[in-house]
Amino acid sequence: MTGPTELARRFGTPSYVYDLDRVAAARDDLFAALPDGVEVFYAAKANPHPELLRELRSGGCRAEISSVGELDAALRAGFPGDRILYTGPGKTGEELTEALTRGVRLFSTESPGDLRRVGRTALELGLTADCLIRVNNATGAAATSIRMTGVPSQFGFDSETLPGLAAELRDVPGTRIAGLHFFPLSNAKDEASLIAEFRHTLATAAALQDALGITFRLVDIGGGFAAPYAVQGERPVYGGLRDALAEALDEHFPGWRAGAPRIACESGRYLVADSGTLVTSVVNVKDSRDTRYLVLDAGINTFGGMSGLGRILPVSVEPHESVGTDGTPASLAGPLCTPGDLLGRNVPLSETAPGDLLTVPNAGAYGPTASLLMFLGRPAPAEIVVRGAGLVSVSRIEHTRTYEHGQAL
């Protein structure tokens, strides 16, 4: 098979190379780690590339989206509207109209106002929307992970207030409460933490079903599946999750095996991270006082979407061919006119010259569309998709400005 650096030489840098065989392997590993019948939503924000979306759909995943742009990508990839969950705290009436018109019927709602907005839009179209109540749980079980709940947040109903809202939630015209949506943590540190959090979530969900007096048809227990991001490492395979999760489901929702309720998980990074490699060229080598800089053609406009969350530095890079790794550490600077354009500090690379190629591993998630893509007007990276030894597609995101002339103000 032609490797990422060879493809990058052919199609230019910076470029991402996505391997669909790796996407399929991650998808199959995740389904194998879950009890039979548990559904998987792919969080399209991780990577909305149409080829990756199609690969995940073909293996049984549903789509979780939070914009009309992601809706368009999911529909073009072949997801029917009834296989899509629309989420997010800022759903406008216009967005909801488009989603409902194009067949979406399942929405995660974050507040009473969000639920009412979904209902009003559905009523205007003569429809009824199935709604999940997203829960901002007051407590959690995993001691070591990135926590997503338990603090004031724009995401979800605070769990302690939900029982008092039962009558209001059941009586919103245009909606039907389908169940609950959780997302308590991201990137669990280990399998024990992941299992503990799922058990805690299921106990909370069962208690809320009793408190709300609603028989749930769907409970989305979220994700937390780990994967290395822009560093060396292997995606974990969860050997004990399947039995542990089935045991917890039997305890709290004994009808789940018959689909009462249906159970779902969601994942983004786990499904696509290790499918991607970023290839970048060294443009210049500069020494400034006691620091060596490698200036690359990839910066935060190419691979910087998570930098604001502190999840970029440090990245791992691998040299190609003769570039050594035993010399003066270097900072990896991008091409942008801002001192914030750094992808790494103190990276051990020596004997590096302009034209050398470097690769960033595990870069299939949160790449171009999660970056400062339009900053300074630089072109987007090429995105190269392969399967086995075959080239599937080469594409590049293009931005255009639309004008409206000659209209009176």
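Here are a few things to note about the model shown:
- Per-pair calculated FRET efficiency, R0 = 35 Å: ASP82 and ARG401 via Cβ, rounded to 0.05: 0.50
- Partner lysines whose Cα lies under 16 Å from the Cα of LYS91, excluding those fewer than 8 positions away in the same chain, are identified as LYS45.
- Modelled spin-label separation between ALA25 and ASP72, with each label point placed 7 Å from Cα along the Cα-to-Cβ direction: 3.4 nm.
- This structure gives mean projected area of the Cα convex hull in nm², computed directly, and of (1) 23.2; (2) 29.4; (3) 21.1 that value is listed as (1).
- Fraction of accessible area attributable to carbon and sulfur, the chain (%, probe 1.4 Å): 50
- Between region 73-134 and region 1-36, the alpha-carbon centres lie 31 Å apart.
- The chain, accessible area per residue, ligands and nucleic acids excluded (1.4 Å, Å²): 43
- All-pairs alpha carbon distance profile, region 34-271, 10 Å steps from 0, percent: 8, 33, 38, 19, 2, 0
- Here the Debye sum runs over all C-alpha atoms of region 369-409 as equal scatterers in vacuum, and log10 of I(q)/I(0) at q = 0.17, 0.33 Å⁻¹ comes out as -0.67, -1.16.
- Computed from Cα atoms, the angle from the helix 191-212 axis to the main principal axis of the chain rounds to 30 degrees.
- Label point distance in nm, GLU98-VAL392, each placed 7 Å from Cα along Cα→Cβ: 2.5
- Take ARG170: with every protein chain present and a 1.4 Å probe, its accessible area is about 130 Å².
- Largest GNM mean-square fluctuation across THR369, THR328, THR201, computed for the chain with C-alpha springs under 10 Å, falls on THR328.
- GNM top mover of GLU160, GLU39, GLU266 - the chain, alpha-carbon springs below 10 Å: GLU160
- Net charge of Cβ neighbours under 14 Å - reference SER275; Lys, Arg +1; Asp, Glu -1: -3
- Ranking ASP171, ASP290, ASP341 from most to least accessible surface, computed with a 1.4 Å probe over the protein chains only, gives ASP290, ASP171, ASP341.
- Cα-based helix-to-principal-axis angle, 20-33 vs the chain, degrees rounded to 10: 40
- Solvent exposure, largest accessible area first (probe 1.4 Å, DNA, RNA and ligands not counted), of ARG176, ARG10: ARG10, ARG176
- Mean residue ellipticity, 222 nm, helices only, the chain: the sum of -39500 (n - 2.57) across DSSP H runs of n ≥ 4, divided by residue count and rounded to 500, is -8000 deg cm²/dmol.
- Summed over all non-identical Cα pairs, the Kirkwood treatment of region 190-316 gives a radius of 18.2 Å.
The values are calculated or read from the model by the stated rules, or taken from the named source; none is laboratory data. Remember, it's a predicted structure, so these values are computed and weren't measured experimentally. Every residue, glycine as well, gets a Cβ built from its backbone with ideal geometry; the counts of neighbours run over all protein chains shown. When the accessible area is computed, the model is the full protein with side chains, heavy atoms only, and any ligands, DNA or RNA have been set aside. Shrake-Rupley method; radii C 1.70, N 1.55, O 1.52, S 1.80 Å.
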